[in-house]
Amino acid sequence: MTERGTSIDGYGPADIITTDVVVLGGGGSGTYGAIRLTDLGKSVIVVDHHDYLGGHTYTYTDPASGNNTEMGVVAWYDIPVVQNFFKRLGVKLQQTDIARAGTTTLTTIPVDFRTGKTLTSVYSGNVTQGLINYVEQISKYPYLEDSFDLPDTIPEDFLIPFGDFVKKYNIEGAVQILNIFGNGMGNFLDQSTLYVFKLVSLASIQALQENSYQATVSHNNRAPYEAAEKILGKKALLSTTILSVDRSSPLGVKVQVLTPTGKKLIIAKKLLSSIPPKLENLLGWDLDLNERVIFSEFLNAGYYSAIIKNTGIPDGIEVRNFGADTPYNVPFLPGPYFVQSTDTKGLFTVKYCTPAPIGDDNAKSAIIAAVQRLKTAGTLNTTTPEFVIFHSHSPFESTVSVEAIKSGFYKKLYALQGGKKTFWTGAAWHAQDSSKLWQFTEKLLPDIVKGL
Ligand SMILES: Cc1cc2nc3c(=O)[nH]c(=O)nc-3n(C[C@H](O)[C@H](O)[C@H](O)COP(=O)(O)OP(=O)(O)OC[C@H]3O[C@@H](n4cnc5c(N)ncnc54)[C@H](O)[C@@H]3O)c2cc1C
């Protein structure tokens, strides 16, 4: 990238946008940051490559019935940061059953999706005792609830595969339920326990036990993001590609973008990025070697949501994946977690996970094949399903190797915070948990607004 490429003179005044903060990525964390900065009296521009704000929060509305199905975020915690944000956006919350987004009672058929065959029995242990034992262990590490600010000496238990941790602390009975909360993280029992603690946090278990999860009264979890789109108006640049990010100029952070109405140059005093920090997501950025080395450490799972029709599966059925020969019958991946009837006749929601991203076309083919195996096995008279809508949540669940954790990866990652006028938020920096990411982003705000 040449200086000429980002030269302010290369853009006419109509194509130059000056702002206090440019927020790159308008999902859960970015939208929160943009609204809060606006309310703190700072000017913001939010950039997202999708045509909507909200990232993983996506609600599908069936045009015929008007019924909504959540494809991503289902619920938030009943905590001040959530209540305040929704109040600000004018969206009402109510207590919800986290078990599923729909209201219809379902009949579950346990199936190993590798074969399509039903299981005659599924592992069942003492769930209550398993959860008590899990909570006892995770409670030893309250700092995990707030960030990845880990001690110099990493507790050995963080580094062992979760399957070993389960045996060590007699958590067997809770594995099935913990796995549901850990959906999207790839092979659950193989993950370092640190990452299970981060995704299946103490807060998430407590909200389950207290039955205090919150969702929108309107059964449309996109509502807060629709409200944010209205508040931000033209300050949200959607369907916009980031062409370059230059943080070296004394003018500020210079971001070239391609919007639906042409190329623009954004000049911001500071940058808040919520884009998953994978090198392929940061093309055109002036990353230095240190940033490149750090971000290249991240490994991710592939996670895909779809709504399918013409499945041949009767309404009211949930086909749930259990490994016939896996410990505690946890689902074998790659595979669907479930194919589940929605509140809309004939529509089924699918969640498909792979230990590493496989591309949208491959994921779609794998979903079709999984549904067809139900027929081959004689389980259900399935057909070739059609996709009503498909969403990739990949790259999901950013992790690093045990070696990297041990050698201070998260200290190096956090040392980037605030350098080069750049602040970082999003799941890789804390947890795949919107409520927690809003808390995390809130804590960055004093440093972001300082001097603006
Ligand atoms: C199926 C599913 C269910 C979930 N359920 C819940 C739940 O019930 N409760 C909960 O709290 N959390 C839930 N989560 C997790 C939650 O969605 C995430 O923790 C949260 O969305 C992460 O926020 P984020 O800002 O880091 O990422 P995102 O919300 O993904 O935001 C990142 C944004 O960056 C944009 N972006 C990415 N790359 C670029 C680029 N190169 N250029 C421009 N823009 C880019 C994306 O379009 C996106 O809008 C769920 C996740 C999934 C996938």
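The values are calculated or read from the model by the stated rules, or taken from the named source; none is laboratory data. None of the values given here were measured: they were computed from a predicted structure. Here the Cβ is made from the backbone with ideal geometry for all residues, glycine too, and neighbour counts use every protein chain on show. Remember, those area values only see protein heavy atoms, side chains included, never the ligands or the DNA or RNA. Shrake-Rupley method; radii C 1.70, N 1.55, O 1.52, S 1.80 Å.
Quick notes
- Taking every protein chain into account, the 1.4 Å probe leaves residue 42 with about 50 Å² of accessible area, to the nearest ten.
- Accessible area (Å², per residue) of the chain, counting only protein heavy atoms and a probe of 1.4 Å: 41
- Region 344-426: translational diffusion in µm²/s, Stokes-Einstein, Kirkwood Rh over Cα pairs, 10 °C, 1.306 mPa s: 95
- Annotation: the antiparallel percentage among DSSP beta bridges lying fully within the chain is about 65.
- Sequence-distant residues sharing a close amide H with residue 337 (under 5 Å, placed H): 351, 352, 353
- For region 333-405 versus region 261-278, the spacing of their alpha-carbon centroids is 32 Å.
- Sequence-separation-based contact order of region 127-210, relative, with Cα cut under 8 Å and 6+ spacing, percent: 41
- For residue 119, residues with placed amide H under 5 Å, excluding near neighbours: 111, 112
- Convex hull volume per residue for region 7-104, taking Cα atoms only, in Å³: 148
- In sequence order, calculated HN-Hα J values of region 134-140 (Karplus, 6.51, -1.76, 1.60; Hz; x Gly/Pro): 5, 4, 4, 6, 5, 5, 6
- Hydrodynamic radius (Kirkwood) for region 127-210, which is based on Cα pairs only, to one decimal in Å: 12.7
- For the listed residue pairs 42/421; 117/167; 278/364; 270/420; 198/411; 198/421, the alpha carbons are over 18 angstrom apart in 117/167; 278/364; 198/421.
- Average silhouette area of region 217-352, convex hull of alpha-carbon atoms, in square nanometres: 13.6
- An oblate overall shape is assigned to region 411-452, the ratio a/c of its alpha-carbon gyration tensor axes (a ≥ b ≥ c) being 1.5 or greater and a/b not exceeding b/c.
- Normalised convex hull volume, the chain, alpha-carbon set, Å³ per residue: 142
- Relative contact order %, the chain, counting alpha carbon pairs below 8 Å whose residues are six or more apart: 24
- Exposure ranking of 154, 177 by accessible area [1.4 Å probe, largest first]: 177, 154
- Where 198, 234, 92 fall by accessible area, highest first, once all protein chains stay in place (1.4 Å): 234, 92, 198
- Rounded to the nearest 20, the size of the Cβ-charge dipole of region 127-210 about its Cα centre is 220 debye, with Lys and Arg at +1 and Asp and Glu at -1.
- Placing +1 on the Cβ of every Lys and Arg and -1 on the Cβ of every Asp and Glu, with no other charges, gives the chain a dipole of roughly 740 debye about its Cα centre.
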